[in-house]
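Working notes, beginning with the structure itself.
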Amino acid sequence: DAVLMSLQGGLADHSTRQAITAETRFRVASLNKMFTAVAVLQLVQAGKLGLDERIAQHLPDYPGEEAARNITVGQLLNHTAGLGDVFGDGFAQVAPTLQTHADYVAHYSRQPLQHAPGTQDGYSNYGYIVLGRIVEAVAGQSYYDYVATHILAPAGMAHSGFEPESINVPGRATGYTRSSSQAPWQAETTSLPWRGTAAGGGYSTAGDLLKFAQALQSGVLLDAAWLEQATRAQNHKHWYGYGFMVSGEGATQQYGHEGGAPGQNAVFWVLPEAGYVLVGLSNTDPDVMESAVNYIVRRLPL
């Protein structure tokens, strides 16, 4: 469990010259999909939810009838449902009105399917928002309360959460973007959701994500059998399990997630057999942090 390397640098806030430290809270983009998948699989493990159950069984009022009738929980988890995205043209205009997972479902549920459910891979942020709504329906509480109680607290992740952007979260870095390598950095707010969702946009620290890895591996969050299912390829092109990007085998096996949006870039990898956990967080554009961490991953002694 020893930390072999810890590096930090740069500014969490350019206007105040606040430096990034090991305790800085970064928006983690799609890394939150791992939390959502763990929440879903906890409910499956408890016998309250099934991977083959359809959306309609838990969201009977879901407006998109074809999707509700045909898409399974497992297809939402492994990105084969065909539901598509939310962060397209016009998102910045509607973002202030999307304050709950139910708001997203009401706004995006009538989009046409991109392909027949289960037939193709297609990365879907909206699919994970639907999973968040299913967690709420099955658990009888908000997604945020469920994750706080059943994931963050058991793992000891006291510096992670989903508070809205309107709330001042101490130590949460400001994101910065630029149009080219020669352009000045500008604070990025236009692409941010009102609040992070089951698809991404919450915040965490490197230390908390290390605790998340430890809680996964020690069985605190999921039984070993369900963790093995989640971190084994479950889609057509074998790059995604249930909430986790996956690759390699033996000593090179790794699972985790990458995430990026303007002003945020995060990466989290666990190499279970080799015994490594790597976390990289940044308040700048992709793919700088992903590239740095993946460079290290490829050169680890195995």
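The values are calculated or read from the model by the stated rules, or taken from the named source; none is laboratory data. Model, not experiment: these values are computed from the prediction. Glycine also receives a Cβ, built like all others from the backbone with ideal geometry; neighbour counts cover every protein chain displayed. The accessibility values were calculated without ligands, DNA or RNA, using every heavy atom of the protein model including side chains. Shrake-Rupley method; radii C 1.70, N 1.55, O 1.52, S 1.80 Å.
Return a whole-number percent for the relative contact order of the stretch 145-302, with Cα pairs under 8 Å and 6 or more residues apart as the contact set.
19
Please work out the C-alpha center-to-center distance from the stretch 154-205 to the stretch 1-68 and express it in whole Å.
13
Out of (i) 18.5, 54; (ii) 19.3, 77; (iii) 25.8, 103, which label holds the value of Rg and Dmax of the Cα atoms in Å that was computed here?
(i)
Using label points projected 7 Å from each Cα along Cα→Cβ, tell me how many nm separate Glu23 and Trp239, to one decimal.
Label-label distance for Glu23 and Trp239, simple model: 3.9 nm.
Please give the length that would be gained between Ile296 and Asp52 if that part of the chain were fully extended, namely 0.36 nm times their separation in residues minus their C-alpha to C-alpha distance (nm, one decimal). Before the final figure, lay out each step's value.
On the way: separation 244, 0.36 × 244 = 87.84 nm, distance 3.81 nm.
Residue separation times 0.36 nm, minus the Cα-Cα distance, leaves 84.0 nm.
Let me understand the stretch 125-220 better: what is its radius of gyration from the alpha carbons, and its Dmax, in angstrom?
Just the Cα atoms of the stretch 125-220 yield Rg and Dmax of 15.6, 50 Å.
Of all accessible surface on the stretch 99-196 at a 1.4 Å probe, what whole percent is carbon and sulfur? Write out the running numbers ahead of the final one.
Numbers: 2250 of 4550 Å².
Percent of accessible area from carbon and sulfur atoms in the stretch 99-196: 50.
In square angstrom, what is the accessible area per residue of the stretch 163-272 with a 1.4 angstrom probe?
Working: 4600 Å² over 110 residues.
About 42 Å² of surface per residue is accessible.
Calculate the spin-label point distance for Gln114 paired with Ser181, positioning each point 7 Å from the Cα along the beta-carbon direction, and give it in nanometres.
Modelled inter-label distance: 3.0 nm.
Averaged over all directions, how much area does the convex hull of the C-alpha atoms of the stretch 35-94 cover when projected, in nm²?
The orientation-averaged projected area of the Cα hull of the stretch 35-94 comes to 5.1 nm².
From the square roots a ≥ b ≥ c of the eigenvalues of the alpha-carbon gyration tensor of the stretch 54-149, which class results: rounded (a/c under 1.5), prolate (a/b over b/c), or oblate?
On the way: a/c = 1.58, a/b = 1.10, b/c = 1.43.
Judged from the Cα gyration tensor, the stretch 54-149 comes out oblate (a/c at least 1.5, b/c at or above a/b).
Given the Cα-Cα distance of Ser218 and Ala92 and 0.36 nm per residue of separation, how much length would full extension add, in nm?
Full-extension gain reported as 41.3 nm.
Whenever you get a sec, compute what percent of the accessible area on the stretch 1-40 sits on carbon and sulfur atoms (1.4 Å probe).
Answer for the stretch 1-40 is 51 percent, counting heavy atoms of protein chains only.
Please report the Cα spread of the stretch 1-64 along all three principal axes, rounded to whole Å, starting with the longest.
That gives 51, 35, 12 Å along the principal axes, largest extent first.
Based solely on C-alpha atoms, express the radius of gyration and the Dmax of the stretch 198-302 in angstrom.
13.5, 37
I want to check the label-to-label distance for Glu66 and Thr16. Put each point 7 Å from Cα in the C-beta direction and report it in nm to one decimal.
5.0
Roughly how big is the stretch 1-110's charge dipole about its Cα centre, with Cβ charges of +1 (Lys, Arg) and -1 (Asp, Glu), in debye to the nearest 20?
160
Only four residue types carry charge here, +1 at the Cβ of Lys and Arg and -1 at the Cβ of Asp and Glu. Report the dipole size of the chain about the Cα centre in Debye, rounded to the nearest 20. The partial results should precede the final answer.
On the way: 17 positive and 26 negative charges, 52 e Å.
The dipole of the chain has a size of about 240 debye.
Length gain on complete extension for the stretch Asn168 to Ala274, per 0.36 nm per residue less the alpha carbon to alpha carbon distance? Don't jump to the answer; show the numbers that get you there.
Values: separation 106, 0.36 × 106 = 38.16 nm, distance 3.93 nm.
The span from Asn168 to Ala274 would gain 34.2 nm if fully extended.
Counting Lys and Arg as +1 and Asp and Glu as -1, what is the net charge of the other residues whose Cβ lies under 15 Å from the Cβ of Arg69?
Residues near Arg69 contribute -3 overall.
Where does the Debye-calculated log10 I(q)/I(0) of the stretch 213-261 sit at q = 0.16, 0.20, 0.27 Å⁻¹, using only Cα point scatterers of equal weight, no solvent?
-0.45, -0.69, -1.08
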